[in-house]
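Down below is the structure, laid out as structure tokens.
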Amino acid sequence: MTVVEYFLPRSLAQAVDLLSRHGPDLLVIAGGTVAMPLINDGISLPRQVMGLRFVGLDEIEPSDGGLRIGATTTLTSLLRQRHVPMLAEAARRTASWSIRNMGTVGGNLFTPPPGGDVAVALLALDAEVTLEGSRGRRTLALSEFQTGFMTTALEPQELLTGIGVPAVAGETTYVKFGRKEANTPSVVTVAVRVARDGEVVTDARVALGAVGPHALRARKAEAVLVGSSLEPGAIDEAAEAAAEECEPFDDGIASAWYRRAMVRLFVRRALEELVQHVALEGR
Amino acid sequence: MAKLRGTGIAAVNYPTGMNLGGDPSQALIHATTSGSFVVALSSTDLGQGLRTVIGQIAAETLGVAADEVVIDTADTDTGPHCMGTFASRATHRVGNAVKAAAEEARTALLEVAALELNAPVGGLVLDGFGNVLVAGDPGRCVRVAEVASKAQFEYGRTISGRGAYMKPKSPVDPETGAMDPDSTEAHACTIAEVEVDTETGQVAVLGIRSAYEVGRQVNPALVRGQIVGGAWMGMSHALYETTEPYYPNPDHKPKDFSEYVMPGPAELPEIDCVVLEVPSSTGPYGVKGVGEMTANSPIPAIVNAIYHACGVRVDDLPVTPEKILRGLEAKWATESAAAAGGR
Amino acid sequence: MPELKMPEPLHVVGRSVQRSDAAAHVTGRTRYAGDYTFPGMLHLRMVRSPVHHAMIRAVDLSRAERVPGFVRALTWRDVPHNVYTILGLIGVEPEEEFVLAQDRVRYKGEPIVAIVAETEAAALEAVAQVRLDLEELPAVFDVEEALQPDAPIVTHWGSNAFMFEGHPCRRVRFGDVEAGFAQADHIVEAVYNSSPIEHAPTETTGCVAVPEADGRFTVYTNTQALYFSLDNTAIILQVAGKRLHFVGGTVGGGFGGKVDVIVEPIATLAAMKTGRPVRYVFSRSEEMQVSSTRSAWRIRIRDGVMRDGRIVARKVTSYADSGAYSRQTPYALTKHAANAAGPYAIPNVSIDAYCVFTNRTPSSAMRGFGVTMASYAIEVQMDRIAERVGVDPWTIRFVNAYRNGDMKPHRKLAEDATLIETMQAAAALVGHELTDEQRAMTSAPRSPGPEGSPGGEAAAAGSRAAGAPASAGAPAAPASTAEGVL
Amino acid sequence: MGSRIVSFELCGREVEVLVSPMATLQSVLRSQLGYTGTKEGCRQGGCGSCTVLVDGEPMMSCLLPVEDVEGRRVTTIEGIAPVAGLAPIQQAFIEKNAFQCGYCTPGMVVLTKTLLDHHPSPSRDEIIDALGGNVCRCTGYAPIIEAIEAAAAGATTDAGRDAGDWPDPSGER
Amino acid sequence: MKVAGHHVLDAGPREVFDAACDPATLLAVIPGCEAIEQVAPHEYQGSLVLRLPGVGATFRTFVRLVDADPPHAAGMEGRVEGPMGTIAGRADFGLTEVDDEPAHDGRPGAGSDGRSIASRTLLEYRGEAVIQGPLARLDSRFAESLANTLIAQGLQALNSHLIEASSTVAPASGRPSPREAPE
């Protein structure tokens, strides 16, 4: 359908009101980097669209050791913030300068694999999402927000308004491996966070991108790491576990076979980098 | 984690022209009252610089500066027939046609100049800077612009020319394949240097260095542009791009520039070249074609360099990291089996 | 090395003059076909087959016609000459491609119904509302499977191979390869594959067709071949050429992908039927998935090689994947056959080059047309030979390099050959040490006597290739061609 | 239809244009305002030939609803050159033959303008990173990077000089 | 496009089969299902609302059970129609009783709550469909991955429904997530 109405609410309240009045047929977009190509190609044919660019949810502010990120914060803003280095790196490795000026952190959580690499970093940081609608506000762990391929826990009358990154302990590392250096979908994305008491790992997150219906936690790999001292045996066992529990797919970028092999390799490389604190060479 | 380096070479030739001959091009030239010239064509500029190159050939033949020639293409109401731009044929075919047209226009120009200078046509010469001189008597000369203006208003003469070029079509003998399909051959020899990451299978192309022999270069900067752009395209063909990643399985066809993987600025190797000029026997001023061949030699040079680096020869383009990794794993398996067998 | 510079420098030719279109390009003022807009201009989008191979039982336009902004739909019934082949202009036949699909579709994306609407969005919406009743048929995607007797037949004349004057392939026979293999010390054989490649110019294929007051049509197009497109459009629309006026010449990248005459006929037909200007420009996904590609190739090379590296026999069997229709590909096989032995002097050559039809996007011309993949296969094969014979990759090429006056397998005397000098320059560029013998070699015609010519044994092999090879009775050199001077 | 008037500053002058809902800035520029310098390469945000500046920041105009630039400053390729002659960036592109077919050139020049505004003398890596979103199929990117380096170094001569003859590249190493 | 998979449900084949044919149950368990009605024996019509990123749309679904051999097997011919195209095809289901093994795939909620249940059913499905319209222009991976996700979510919801139906606890709403009171 040719778009007959395009709403640009100037506040969250206005946006929530429009959504409840127009219901499920109102297509919600933020930066437009997911929706507009589908509309331009005539694959998505919405009659009514609401753009969230000006609802004022595009601020990043530190909050008690963690970070509050507005849902429509651009990836360029996430790249420029210095509070959480892994999120800056995740933004830097996504798309191109122009697209980062338009695409939003919230939009990245809806982007199907092999896209959505900021979500991988957020998953390793135990991020939470805040959803708001006519029936009120609720907070949900990101791992429960992404429920399947291109599906989330969002209720029909709800909007994603913010992402909360708690103050989390531990060193982090992030690598996105693509077929080329820049502006390319991911073969595999690995985000690792490890908290240690002396040498012993007390808590571990291994998040994987482009190898499942959405960003995945490699829980078996995490279980292997907890209690270890990141010795080579533990690293290899964790890499093997991650390669086994991921659910890679074939697409034009890489085959499932290759993605699984690269999960094994890059989880190992990420953990080794943590041990050596050597800047990880993503290429 | 090993990064293995290797180099590979390839030597190729490439024909100029297509369709077993029978691919004609024509050109019309006329002088304007101000002494500049307009060339009418229906040939197309794909970015290779046809307008500039054909303008230079016309200007050279007319003895005027390049910016005195305007190329009017492409319009089927005003431009005479041209087969089209492909097969590295345009500079050779259209060049020959425009040279013939320019020669005819030059003859008309010199005839009017002879009247103006009251000198025999045979004794006149163009100095290449827009002047007609009497050989041996440099004092007696006249500007081409003046001759053109006088031709229109005083002598009532047209200074124009027609040109056509066609290599006669040669049929193919269906039994033996005997044929005469092209006009000349350009040559290239490329050396590629690569680095293979044996854990990811990824190939970084460090250098593509080539020697080309392309007959006379009409515009060396544009020739270099084809060589550098072709080196990049060859690298892309060799390692990255395909519309069917799992050919002959037709699935997962890319639909946009993110799924159709081509190397970006970050993957740029060092590209260097030297260009030799051996005049062709059939091209205008010894020209040959160069545009189409420049992606050809880099492809096998890169594949050979990969084999030299890591001992894996992938005979299935594009040579993706997955194919190299599978090749390495197979190679290591046979090596360890052989070692086991050897004990 | 001989002086390889032009003897007499010229005034304009040979100088890097600034491009005449430079200022227009950097200021964005260069006009391309898609930049033209006209009052009342309509937009055309195509309904395409969602499957690889199917019978078309019914096409339901009822919902599409109700979309606001819909103007008209065109099907094969509207096309005066719906079955055509663009190489028909140079005598290639049969006519086998359908401007708009009639009873069946043979590749995913084949055009079925052209929708013309007031706006791009209305056209896209109407396309989404067209319902197709299709009965899927078995499809074939592999070139060698397609040539098996039981393979699904793609073409409408019953065979998946293009016929070259009585043969299912373009043939070259020069000397006697079997005799060559018999005398060879080594046999080196391998198969080389490539997959389809998209031209991917930054400007997609497109045109704007404008009806003029006098009944003519001006078509602003980014074709690479203006008259070729005009003449084919005239045949498809069954109108006199004089009624068509094609304007173009400024193309945003062609690479061989804009010679298929794929948008001009339908856009002009739509302008004819509606009396209004019609813009038909491929979307990027159409350019990627539906516009023609470089053919995928499978090239089997079998070489007979002597101990010193001389190649005495080369047998090449090549398959080009033409996809569902022929377009330019049959000529690619002929050009391939003329180059599939490589720039080498080989006395015994046999080439069979097949143009095979499968149920995929038709392939057509792309930069290097028929030669690019031949060069890839040959130059990797040369390294294989070098390794087997135990010489370095440079030596194997110098030993076999062709020279002026050699007889090529397709019976044309080599002229303007400079492979040796080019390799010598490349070696100097990268600092590779050549042997004295290699440094002294030239592409000059081999002297008749085997002893006197440089390169000794290699030259002897070469001279054998040039004249009547002693062992295998190749026919004598042909009469001189119009250009080639003996 | 919910058409409405959108007003914004285009290359320094105020424009008001009646648009249909969610028409892209690219389509309004090209087919309503006649600014065809902004090209249409993919309409998927993947090629950069439609790059424009919005308040000085580069964006893909093919993915930008025109309503989103209400009241903002839009700069297109038409706004890069001064009234007469060429801008130094454009001169550098010409000198380094940083184009062939020219279809990606407007996007490349606009991007170079904002890159040099942000980083007057960018490193080669910063140039390569900035160019990540702009596809060129003809030149192989090398001349474009050289042109940007030249523009940054202010090495370009005054506008309008005939690039004319320079040493025959095949002669030099 | 093709889909295939299996799932263990905590009820006997008979209960599973009947639940799968009951419109009220289908309304509760099919993700995004807004309405469903039986228009003829073994024939259902309904509407599905899925807010897919960039495409949010309402789909009309038509499903007909064929070759039913309750409770062991059933074929299902169906059409899903939306603005972005139609998916039409057939899926075949097999239901076999399994003895009381531990939960097979470790997914929370699939019979892992430890209570011993009379009998359990292994439901296997395999389906193939043709995509028409604009959706056909996307990689078939999209439709396949989405279908697998919706089927998995639907079967999980069906399983929770079956557990609640067989236990005495008052049925809770089908939606898994807790909610704070609105501010």
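The values are calculated or read from the model by the stated rules, or taken from the named source; none is laboratory data. Everything quoted here is computed from the prediction, not taken from an experiment. Ideal geometry is used to build each Cβ from the backbone, glycine not excepted, and the neighbour counts take in all protein chains shown.
Scan segment B:208-221 and give yes if some residue there is more than 8 Å from every other protein chain (Cβ to nearest Cβ), under 21 Å from B:M262 (Cα atoms) and not aromatic (F, W, Y), otherwise no.
There is at least one residue in segment B:208-221 that is more than 8 Å from every other protein chain (Cβ to nearest Cβ), under 21 Å from B:M262 (Cα atoms) and not aromatic (F, W, Y).
What are the residues in segment B:154-199 that are more than 30 Å from B:G283 (Cα to Cα) and touching a residue at least 60 places away in the same chain (Cβ under 8 Å), if any? Full working, then the answer.
Filtering segment B:154-199 for residues more than 30 Å from B:G283 (Cα to Cα) gives B:154-157, B:175, B:192-199.
Residues satisfying the conditions are B:A192, B:E193, B:V194, B:E195, B:V196, B:D197, B:T198, B:E199.
Consider only pairs whose beta carbons are under 7 Å apart and that are at least six residues apart or on different chains; among these, list those whose first residue lies in segment C:61-79 and is touching a residue at least 60 places away in the same chain (Cβ under 8 Å) and whose second residue is aromatic (F, W, Y).
C:A64/C:F70
As an exercise: evaluate C:E165 against (1) within 23 Å of the chain's Cα centre (by Cα); (2) of a type outside the set (K, R); (3) at pLDDT 95 or above and give the number of the one condition it does not meet.
For C:E165, the exception is condition (3).
Hey, can you tell me all the residues within segment C:281-340 that are free of Cβ contacts under 8 Å to residues at least 60 places away in the same chain, part of a helix (DSSP H, G or I) and not small (G, A, S)?
Residue satisfying the conditions is C:K335 alone.
If you scan segment D:28-61, which residues turn out to be under 21 Å from D:S7 (Cβ atoms), surrounded by 24 or more Cβ atoms within 10 Å (Cβ to Cβ) and without any contact (Cβ under 8 Å) to a residue 40 or more places away in the chain?
D:V28, D:M59, D:S61 - these are the residues of segment D:28-61 that are under 21 Å from D:S7 (Cβ atoms), surrounded by 24 or more Cβ atoms within 10 Å (Cβ to Cβ) and without any contact (Cβ under 8 Å) to a residue 40 or more places away in the chain.
Determine which member of the set B:S170, B:S183 is touching a Lys or Arg at 6+ places or on another chain (Cβ under 7 Å) and under 30 Å from C:A417 (Cβ atoms).
B:S183
For residues in segment D:62-80 being of a type outside the set (D, E) and surrounded by fewer than 23 Cβ atoms within 10 Å (Cβ to Cβ), which is farthest from A:G51 (Cα to Cα)? Even if it seems obvious, please write down each step before you answer.
First pass over segment D:62-80, keeping only residues of a type outside the set (D, E): D:62-66, D:69, D:71-77, D:79-80.
Now restrict to residues that are surrounded by fewer than 23 Cβ atoms within 10 Å (Cβ to Cβ): D:69, D:71-73, D:75, D:79-80.
Values: D:V69: 12, D:G71: 16, D:R72: 17, D:R73: 20, D:T75: 22, D:G79: 28, D:I80: 30 Å.
By that ranking, first place goes to D:I80.
Can you tell which of D:T105, D:T112, D:T139, D:T156 is out of contact with any strand residue (DSSP E or B) (no Cβ under 7 Å at 6 or more places or on another chain), buried (at least 20 other Cβ atoms within 10 Å of the Cβ) and modelled with pLDDT under 95? Walk me through it before giving the result.
Numbers: D:T105 fails: modelled with pLDDT under 95; D:T112 fails: modelled with pLDDT under 95; D:T139 fails: modelled with pLDDT under 95.
Criteria check complete, one pass: D:T156.
Can you tell me which residues in segment A:145-173 are at the interface with another protein chain (Cβ under 9 Å from one of its Cβ atoms) and closer than 23 Å to A:V188 by Cβ?
A:T147, A:G148, A:F149, A:M150, A:T151, A:T152
Given the criteria acidic (D, E), out of contact with any strand residue (DSSP E or B) (no Cβ under 9 Å at 6 or more places or on another chain) and at negative phi, does C:E110 qualify?
When the stated conditions are applied, C:E110 does not pass them.
For the structure I just gave you, tell me whether B:T294 is among the β-branched types (V, I, T) and within 26 Å of B:S88 (Cβ to Cβ).
Yes.
I need a count of the residues in segment C:231-251 that are under 19 Å from the mean Cα position of the chain (by Cα) and either over 23 Å from B:P80 (Cα atoms) or in a loop (DSSP other than H, G, I, E, B) (or both).
Quick first cut of segment C:231-251, residues under 19 Å from the mean Cα position of the chain (by Cα) only: C:232, C:251.
Next, only the ones that are either over 23 Å from B:P80 (Cα atoms) or in a loop (DSSP other than H, G, I, E, B) (or both) stay: C:251.
Residues in segment C:231-251 being under 19 Å from the mean Cα position of the chain (by Cα) and either over 23 Å from B:P80 (Cα atoms) or in a loop (DSSP other than H, G, I, E, B) (or both): 1 in total.
Any idea which residue in segment A:110-146 is surrounded by the fewest Cβ atoms within 10 Å (Cβ to Cβ), counting only those that are assigned to a strand (DSSP E or B) and at pLDDT below 95?
A:G136
Filter segment B:259-271 down to residues that are within 7 Å of another protein chain (Cβ to nearest Cβ) and of a type in the set (D, E, K, R) and give me whichever is farthest from the chain's Cα centre (by Cα).
Looking at residues that are within 7 Å of another protein chain (Cβ to nearest Cβ) and of a type in the set (D, E, K, R), I get B:E259.
Working only within segment A:174-203, note down all residues that are more than 14 Å from chain B (Cβ to nearest Cβ), over 14 Å from A:R268 (Cα atoms) and assigned to a strand (DSSP E or B).
Result: A:A195, A:R196, A:D197, A:V200, A:V201, A:T202, A:D203.
So, of the residues in segment B:192-207 that are surrounded by fewer than 24 Cβ atoms within 10 Å (Cβ to Cβ) and part of a strand (DSSP E or B), which turns out to be farthest from the other protein chains (Cβ to nearest Cβ)?
Here is the first cut: in segment B:192-207, the residues surrounded by fewer than 24 Cβ atoms within 10 Å (Cβ to Cβ) are B:193, B:195, B:197-200, B:202, B:204, B:206-207.
Filter again for part of a strand (DSSP E or B), leaving B:193, B:195, B:197, B:204, B:206-207.
Details: B:E193: 9, B:E195: 10, B:D197: 8, B:A204: 8, B:L206: 12, B:G207: 8 Å.
Step by step, filter segment B:192-207, then rank; the result is B:L206.
Within the set of pairs 6+ apart or on separate chains, which have a first residue in segment C:22-46 that is more than 10 Å from chain D (Cβ to nearest Cβ), a second that is of a type in the set (F, W, Y), and C-beta atoms under 7 Å apart?
Correct list of pairs: C:A33/C:Y220; C:L44/C:Y280.
For segment C:36-55, what are the residues that are over 20 Å from C:V116 (Cα atoms), buried (at least 18 other Cβ atoms within 10 Å of the Cβ) and either hydrophobic (A, V, I, L, M, F, W, C) or touching a Ser or Thr at 6+ places or on another chain (Cβ under 8 Å) (or both)?
Those that are over 20 Å from C:V116 (Cα atoms), buried (at least 18 other Cβ atoms within 10 Å of the Cβ) and either hydrophobic (A, V, I, L, M, F, W, C) or touching a Ser or Thr at 6+ places or on another chain (Cβ under 8 Å) (or both): C:V51, C:A54.
Output the residue which, of all residues in segment B:20-45 that are in a strand (DSSP E or B) and not aliphatic (A, V, I, L, M), is surrounded by the fewest Cβ atoms within 10 Å (Cβ to Cβ).
Filtering segment B:20-45 for residues that are in a strand (DSSP E or B) and not aliphatic (A, V, I, L, M), the one surrounded by the fewest Cβ atoms within 10 Å (Cβ to Cβ) comes out as B:H30.
Identify the residue in segment B:235-258 that is facing chain D (nearest Cβ under 9 Å) and under 25 Å from A:V34 (Cβ atoms) and, among all such residues, is surrounded by the fewest Cβ atoms within 10 Å (Cβ to Cβ).
B:D256
Find all pairs meeting these conditions: Cβ atoms under 8 angstrom apart; at least six residues apart or on different chains; first residue within segment D:114-140 and more than 10 Å from every other protein chain (Cβ to nearest Cβ); second residue charged (D, E, K, R).
D:H119/D:E126
Within segment D:45-97, can you find the residues that are more than 14 Å from chain B (Cβ to nearest Cβ) and among the β-branched types (V, I, T)? Walk me through it before giving the result.
Step one: filter segment D:45-97 for residues more than 14 Å from chain B (Cβ to nearest Cβ), giving D:52-59, D:61, D:64-92.
Listed by number, the residues that qualify are D:V52, D:V54, D:V66, D:V69, D:V74, D:T75, D:T76, D:I77, D:I80, D:V83, D:I89.
Scan segment B:273-291 for residues that are at negative phi and either within 13 Å of chain D (Cβ to nearest Cβ) or among the hydroxyl-bearing types (S, T, Y) (or both) and jot them down.
If the condition is that a residue be at negative phi and either within 13 Å of chain D (Cβ to nearest Cβ) or among the hydroxyl-bearing types (S, T, Y) (or both), then B:C273, B:V274, B:V275, B:L276, B:E277, B:V278, B:S280, B:S281, B:T282, B:V290, B:G291 are the ones that fit.
Count, please, the residues in segment C:316-355 that happen to be more than 15 Å from C:I299 (Cβ to Cβ) and among the hydrophobic types (A, V, I, L, M, F, W, C).
3
Quickly run through segment B:46-77 and pick out the residues that are in a loop (DSSP other than H, G, I, E, B), away from chain D (no Cβ under 12 Å) and buried (at least 22 other Cβ atoms within 10 Å of the Cβ).
B:G63, B:V64, B:T73, B:A74, B:T76
Does C:M272 satisfy being within 29 Å of C:A374 (Cβ to Cβ) and either free of Cβ contacts under 8 Å to residues at least 40 places away in the same chain or of a type in the set (A, V, I, L, M, F, W, C) (or both)?
Considered against the rule, which asks whether it is within 29 Å of C:A374 (Cβ to Cβ) and either free of Cβ contacts under 8 Å to residues at least 40 places away in the same chain or of a type in the set (A, V, I, L, M, F, W, C) (or both), C:M272 comes out as no.
Taking segment B:286-298 on its own, how many of its residues are surrounded by 23 or more Cβ atoms within 10 Å (Cβ to Cβ) and either assigned to a helix (DSSP H, G or I) or acidic (D, E) (or both)?
Residues flagged as surrounded by 23 or more Cβ atoms within 10 Å (Cβ to Cβ) and either assigned to a helix (DSSP H, G or I) or acidic (D, E) (or both) within segment B:286-298 amount to 5.
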